[in-house]
Amino acid sequence: MSKRVFSFLGLTVLMVLMTGLLTAAAPAPMTSIKLMQGLPSVMNVGDTYTVVVQVKSDQKFMSAQAMPDFQYAGKGVVAIQGGDRVGQNTNATLQVTFNAKGSTAKMPGGFVPVAVVVGVRYGGGNVVVERYEFNVTVP
């Protein structure tokens, strides 16, 4: 009878170990977020520039998004649209267009900090984020 108990315990332990191996998490995705075109350091009132970011992944993502971010919203440089988003894919080109609307001469340092934040969302709660910051002077 003791042989049966040990065989049963051995089989149970083996099943638990195999279950753990079979349910192990998928490997983390390899994600590349590359700035293709940024903002210039000087823009004149009325100038429009587009920030372009390329996203590449070895696994399909659920969505990728680029959003503008401002320290002084509505001053100096503004985003023409609220951002850019794509659905499921392994590649994406995201764009955020900005317009110089007023002088930054009275701002601290004479420039306005502007950023583009890019997020890539995968299943299982994985998120990859990159932030690109620009200091833009508008004379």
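The values are calculated or read from the model by the stated rules, or taken from the named source; none is laboratory data. The structure presented is a predicted model; accordingly, all values stated were derived computationally and were not measured. No Cβ is skipped: glycine too gets one built from the backbone with ideal geometry, and neighbour counts run over all protein chains shown. Please note that ligands, DNA and RNA were not included when accessible areas were found on the heavy atoms of the full protein model with its side chains. Shrake-Rupley method; radii C 1.70, N 1.55, O 1.52, S 1.80 Å.
Could you go through region 70-80 and let me know if any residue there is touching an Asp or Glu at 6+ places or on another chain (Cβ under 6 Å) and in contact (Cβ under 8 Å) with a residue 24 or more places away in the chain. No, that holds for no residue.
Looking at this structure, is V96 closer than 18 Å to T48 by Cβ and not polar (S, T, N, Q)?
It is true that V96 is closer than 18 Å to T48 by Cβ and not polar (S, T, N, Q).
Residue-by-condition table, conditions (1) at pLDDT below 95; (2) in contact with a helix residue (DSSP H, G or I) (Cβ under 7 Å, 6 or more places away or on another chain); (3) under 14 Å from G38 (Cβ atoms):
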{"position": "T50", "(1), (2), (3)": "no, no, yes"}
{"position": "Q54", "(1), (2), (3)": "no, no, yes"}
{"position": "Q59", "(1), (2), (3)": "no, no, no"}
{"position": "S63", "(1), (2), (3)": "no, no, no"}
{"position": "Q71", "(1), (2), (3)": "yes, no, no"}
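Could you pull out every one of the strands (runs of 3 or more DSSP E) wholly within region 87-139 that has 2 or more residues that are closer than 18 Å to D58 by Cβ and of a type in the set (A, V, I, L, M)?
Values: elements: 89-100, 112-121, 127-136.
The qualifying strands (runs of 3 or more DSSP E) are 112-121, 127-136.
Candidates in region 77-135 are the residues that are open to solvent by 20 Å² or more (accessible area, probe 1.4 Å), hydrophobic (A, V, I, L, M, F, W, C) and more than 21 Å from G46 (Cβ to Cβ); of these, the one that is farthest from the chain's Cα centre (by Cα) is V86.
Can you report the number of residues in region 100-139 which are charged (D, E, K, R) and closer than 16 Å to V51 by Cβ?
Total satisfying the criteria: 3.
Do you know which of the residues in region 77-86 that are of a type outside the set (D, E, K, R) and in a strand (DSSP E or B) is nearest to S32 (Cα to Cα)? Result: V86.
Of the residues making up region 81-128, those that are among the basic types (K, R) and either more than 21 Å from Q65 (Cβ to Cβ) or free of Cβ contacts under 8 Å to residues at least 40 places away in the same chain (or both) are R85, K101, K106.
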